[in-house]
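Heads up, the thing below is written out as structure tokens.
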Amino acid sequence: KAGVTQTPRYLIKTRGQQVTLSCSPISGHRSVSWYQQTPGQGLQFLFEYFSETQRNKGNFPGRFSGRQFSNSRSEMNVSTLELGDSALYLCASREQGLGGYTFGSGTRLTVV
Amino acid sequence: SQELEQSPQSLIVQEGKNLTINCTSSKTLYGLYWYKQKYGEGLIFLMMLQKGGEEKSHEKITAKLDEKKQQSSLHITASQPSHAGIYLCGADDNNAGNMLTFGGGTRLMVKP
């Protein structure tokens, strides 16, 4: 079974730009959640999608948004990038209510 | 919201020594997960604990869940350089579905 795939692995953007990150979950997993990891704040929950619906949202500004497609693949978008958005963005997939969360390798976003 | 505190924050041990990492929750633990992370990479799932008193082992790593103390511990026996990395505990926020709250992490170095 293929794992969780995140693309791209690395990204450099300029302040004010927007960015879209992609996550393909494990086949059969309908829940996809996103996390931001920074040295100062650690791992923080962004949002979770299940069957194309956002079920939970963390404490992040509206510049952070996401969506999930019918095949469970998910994207997250950050608009009007700020330097502080530089982070490792991780997504995780899970079978509904079962087992552990499987994480992807992450996308390293650098905002300059 | 739930908070997880890990101790110690960092640890340097001699190869062959045993070590323990603790994770204490501010609320009742419904599901506790242990992950390992190499710097800048994704999280590798180690173990999931769901019941008070539960104990699981994989190779030289054992994790326990003490429900009354709202605490979990991760014990590594006869540490090896391959055990080096950041260990993270995460807990299900039972009120919010598929959403993990993470501890701050424990950085482990193993000296050969």
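Summarise the partner chain shielding of B:99-105 as one whole number: the mean count of Cβ atoms from other chains within 10 Å of each residue's Cβ. Walk me through the numbers before you get to the answer.
Working: counts 12, 10, 4, 6, 2, 3, 3.
Mean inter-chain Cβ contacts per residue within 10 Å come to 6.
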Could you pull out every residue, at least 5 positions away or on a different chain, whose amide H is within less than 5 Å of the one on A:Q54? Hs are placed 1.01 Å off N in the peptide plane, and Pro or chain starts have none. none
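Taking the Cβ-Cβ separation of A:L11 and A:T80 as r and a Förster radius of 22 Å, what is the calculated FRET efficiency to the nearest 0.05? Could the numbers behind the result be given before it?
Values: r = 16 Å, r/R0 = 0.71.
With a Förster radius of 22 Å, E is 0.90.
Where the accessible area of region B:8-53 is counted over protein heavy atoms with a 1.4 Å probe, how much of it, in %, is carbon and sulfur?
On the way: 1190 of 2420 Å².
The computed percentage sits at 49.
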Chain A - Debye-derived log10 I(q)/I(0), Cα point model, q = 0.24 Å⁻¹: -1.42
Using alpha carbons only, how many angstrom separate the centre of region B:1-30 from the centre of region A:1-30? 30 Å
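Net charge near A:F103, counting Lys/Arg +1 and Asp/Glu -1 over other residues with Cβ under 13 Å of its Cβ? If you can, show how the numbers build up before the last one.
Details: positive: A:R94, B:K36, B:K38; negative: B:E41.
Every neighbour counted, the sum reads +2.
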I'd like the GluC sites (Glu not before Pro) in region A:12-112 restricted to DSSP loop residues with at most 13 other Cβ atoms within 10 Å, sorted by number. A:E52, A:E82
For the residue pair B:K60 and B:K38, what label-to-label distance in nm results when each label sits 7 Å from Cα along the Cα-to-beta-carbon direction? 1.8 nm
7 Å from Cα along Cα→Cβ at both B:K111 and A:N71: what's the point-to-point distance in nm? 5.2 nm
Can you compute the FRET efficiency between B:A78 and B:E3 using 1/(1 + (r/R0)^6), with r the Cβ-Cβ distance and R0 = 25 Å? Round to the nearest 0.05. 0.20
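Ignoring the sites themselves, what is the longest stretch of chain B with no GluC sites (Glu not before Pro) in a DSSP loop and at most 15 other beta-carbon atoms within 10 Å?
On the way: sites that count: B:E3, B:E15, B:E59.
Result for the longest clean stretch: B:60-112.
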Subset of A:K57/B:K68; B:K68/B:K111; B:K27/B:K64; B:K17/B:K68; B:K38/B:K68 violating a 26 Å alpha-carbon distance limit: A:K57/B:K68; B:K68/B:K111; B:K17/B:K68; B:K38/B:K68
Each residue of region B:35-44 in turn: what ³J(HN,Hα) in whole Hz from Karplus with 6.51, -1.76, 1.60 and θ = phi - 60°, glycine and Pro shown as x? 10, 10, 9, 7, 3, x, 10, x, 8, 9
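Using R₀ = 30 Å, calculate the FRET efficiency as 1/(1 + (r/R₀)^6) where r is the Cβ-Cβ separation of A:R30 and B:Y30; round to 0.05. Mind showing how you got there, number by number?
Numbers: r = 21 Å, r/R0 = 0.68.
E(calc), rounded to 0.05, equals 0.90.
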Expected vector for region A:77-89, Karplus 3J(HN,Hα) from phi with 6.51, -1.76, 1.60 and θ = phi - 60°, integer Hz, x for Gly and Pro, equals 10, 10, 9, 6, 4, 10, 4, x, 7, 4, 5, 9, 9
Rounded if a/c is under 1.5, else prolate if a/b is larger than b/c, else oblate: which is chain B, with a ≥ b ≥ c the root eigenvalues of its Cα gyration tensor? prolate
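The values are calculated or read from the model by the stated rules, or taken from the named source; none is laboratory data. Remember, it's a predicted structure, so these values are computed and weren't measured experimentally. Note that each Cβ is placed from the backbone with ideal geometry, even for glycine, and that neighbours are counted across all protein chains shown. Heavy atoms of the whole protein, side chains included, go into the accessibility calculation; ligands, DNA and RNA do not. Shrake-Rupley method; radii C 1.70, N 1.55, O 1.52, S 1.80 Å.
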